[in-house]
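A short worksheet on the structure shown next.
The values are calculated or read from the model by the stated rules, or taken from the named source; none is laboratory data. These numbers come from a predicted model, not from an experiment. Don't worry about glycine lacking a Cβ; one is built from the backbone with ideal geometry, like all the others, and counts go over all protein chains shown. All accessible areas refer to the heavy atoms of the entire protein, side chains included, with ligands and DNA or RNA removed. Shrake-Rupley method; radii C 1.70, N 1.55, O 1.52, S 1.80 Å.
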Amino acid sequence: MMRFSTLVKHPADWMTGGPGVADGEHAAVITSRVRLARNLRRHPFPGWANREQRVAAFEVLRPAVEALAPMKKAFSGELGGLSPVQKQVLVERHLISREHAARGEGSAAVIERRQRFSFMLNEEDHLRMQSIQAGMRLSACFEALSALDTELEESLEFAFDADLGYLTTCPTNLGTGMRASAMLHLPGLVLADQITQVLQAVHKIGLAVRGLYGEGTESLGNLYQISNQSTLGEPEEAVIRRLERVIGQVAGHERNAREKLLEDDPGMVADKIGRAYGVLRHAHLIDSKEALNHLSILRLGAGTGFFPAEAIVTCDTLLMDIQPAHLQLHAGRKLSPDERDAIRADILRERLESLDAPTHGRDDSDDDGEDSGES
Amino acid sequence: MKCDFCDQKATVFLTQLVEGNMKKVCLCEACAKERGVTDPTGFSLADLVLGGAPAFPVPGGAEPFATPGGPAKACPSCGFGLDDLLRVRRFGCADCYGTFRDETLAMLRGMHRGLRHNGKTPKGLIAREAKQRRLSELREKLESAIASESYEEAAGLRDEIRNLESA
Ligand SMILES: [Zn+2]
Ligand SMILES: [Zn+2]
């Protein structure tokens, strides 16, 4: 069984990008995730079960999940045995939910070594399984996860109803039990002031949209999540096809917005990217909000030729590593907010040391590149 | 814009699905924090909002069901009551869905794109169930065959049962 320290020492597969990290679509779509909710037929749901019943369900679930081929050398830990910081690191990596982190004995997380699959045992449902991959890979996520689900059916008797599908604690998950989502990076649409319009259109189709770091429409770091809301009445593949179509369109809008910004106002774009680079390279104290927003602009720079495309991976890894629990894990102790700001800045300077200053937009002004001189 | 829960300025905006209708929820910093909505890692938010934690109040959301008079119905398998269901909009066990069928169907109206599952089915489970059903059918037939002294038919049924059991 893998140790916790080994699990988190390496970045998740999706952070290092995998295939197609530098292509246009990945610039906008950071990750794809699919989650399936399943319950055992003859056990009360975790929220209603008493302690013994929870443990009984747990003892049925755990060996079944650990026996899955990709989970053979997985990390498997009861939540009661993890420290608050360790649990928070798993939350920051999107491997367990915040609600799950609040649980203790009788709940567990089983996480594949490359962090492509994770299983929450006794979360709101008996089993919440997740697949996460870099880029626009919803179909691949679903297929991989569904295969594991099918394998689990051999040993577990899932609660299923011919009319209502997979039975879940909350009726909003009933049917497929599937929530498919993509994490999007949309700085171009935000800078071009088109984000609200685009997100409203997505919303109208019945998909859920929210800022990843949930603060209204202007999400921190320009990160957004689009997911399905309906789980009953349609096959999983139809839901995923619709999501892929819509997400592809949003990614297209983002690409157009970036191109148009570079054409219409290259000075503004270069200025923002240059400032973000300057701050991240030279700050000694930086809070997570500022870091997140500058990293977002740096990532935009990596997607628009100001930096090598591989810098996207650096940004995605940093987005994770500058979060509070990751910093404390890195430091090996609890940190005050001031200490965090200092260590966050240290990590940023160190990791960005070899990133050369942005180059784009200086020498390609072949026609009308003169500054107008107006003031 | 004001917070839906107090008079502070709202800074967090959420969209919630209430009875199939999209409802915008505006919260101030303090109320958002109190309800766990400002989680900086946020990934669980969709579940929190769409699933709605039991304590999460629905602003202006009228209770859609009148609790029928008399003692509230409860699930025979797990003891979860109809009043619990209407309050937290969660189920206690798989059998609750059968116990509270009508209430469930009313609750589902407008919540999803359809009212009938049209996705993946656990084929193993369904095959096992079909097999069990077929076996008990055959055993009943066998008993009546024996009772009516149709021994030839009984022998055939026995073979069929044996084959099915070992399949
Ligand atoms: Zn408030
Ligand atoms: Zn029940």
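Things to note:
- Only listed residue being open to solvent by 20 Å² or more (accessible area, probe 1.4 Å) and part of a strand (DSSP E or B), chosen from A:Arg241, A:Arg245, A:Arg275, A:Arg210: A:Arg210
- Residue match in region A:9-32 (condition: more than 29 Å from A:Ser139 (Cα to Cα) and modelled with pLDDT of 85 or more): no
- Test result for A:Ile286, surrounded by 19 or more Cβ atoms within 10 Å (Cβ to Cβ) and outside any helix (DSSP H, G or I): yes
- Output for region B:113-138, where each listed residue is touching a residue at least 12 places away in the same chain (Cβ under 8 Å) and either closer than 23 Å to B:Ser77 by Cβ or open to solvent by 20 Å² or more (accessible area, probe 1.4 Å) (or both): B:Lys131, B:Arg134
- All told, B:Ile126 meets the bar of being within 11 Å of another protein chain (Cβ to nearest Cβ) and either assigned to a helix (DSSP H, G or I) or of a type in the set (Ser, Thr, Tyr) (or both).
- Hits in region B:83-97 (condition: touching a Pro at 6+ places or on another chain (Cβ under 8 Å) and either more than 9 Å from chain A (Cβ to nearest Cβ) or assigned to a loop (DSSP other than H, G, I, E, B) (or both)): B:Arg87, B:Arg89, B:Arg90, B:Phe91, B:Gly92, B:Cys93, B:Asp95
- Scanning region A:204-232 for residues that are modelled with pLDDT of 90 or more, at the interface with another protein chain (Cβ under 8 Å from one of its Cβ atoms) and within 13 Å of the chain's Cα centre (by Cα) yields A:Gln225, A:Ser227.
- Number of the condition not met by A:Ala140 [criteria: (1) closer than 15 Å to A:Glu236 by Cα; (2) surrounded by 24 or more Cβ atoms within 10 Å (Cβ to Cβ); (3) away from chain B (no Cβ under 14 Å)]: (2)
- Whichever residue in region A:273-299 is without any contact (Cβ under 8 Å) to a residue 24 or more places away in the chain and of a type in the set (D, E, K, R) and, among such residues, is farthest from A:Gln328 (Cα to Cα): A:Arg275
- Qualifying residue in region A:310-332 (condition: at pLDDT 95 or above and in contact with a Phe, Trp or Tyr (Cβ under 9 Å, 6 or more places away or on another chain)): no
- Among the candidates A:Asp163, A:Asp193, residue that is within 9 Å of chain B (Cβ to nearest Cβ), surrounded by fewer than 24 Cβ atoms within 10 Å (Cβ to Cβ) and among the charged types (D, E, K, R): A:Asp163
- Verdict on B:Arg133 being out of contact with any His (no Cβ under 8 Å at 6 or more places or on another chain) and more than 16 Å from ligand 2 (Cβ to nearest atom): yes
- Taken over region B:98-122, the criterion of being facing chain A (nearest Cβ under 9 Å) and β-branched (Val, Ile, Thr) is satisfied by B:Thr104, B:Thr121.
- The residue of region A:35-80 that is surrounded by the most Cβ atoms within 10 Å (Cβ to Cβ), among those that are assigned to a helix (DSSP H, G or I), at pLDDT 90 or above and among the small types (Gly, Ala, Ser), is A:Ala57.
- Residue list for region A:166-190, restricted to those being under 21 Å from A:Ile30 (Cα atoms), facing another protein chain (nearest Cβ under 8 Å) and assigned to a loop (DSSP other than H, G, I, E, B): none
- Any hit, region A:39-55, residues being of a type in the set (Gly, Ala, Ser), away from chain B (no Cβ under 14 Å), touching a residue at least 24 places away in the same chain (Cβ under 8 Å) and on the phi < 0 side of the Ramachandran plot: no
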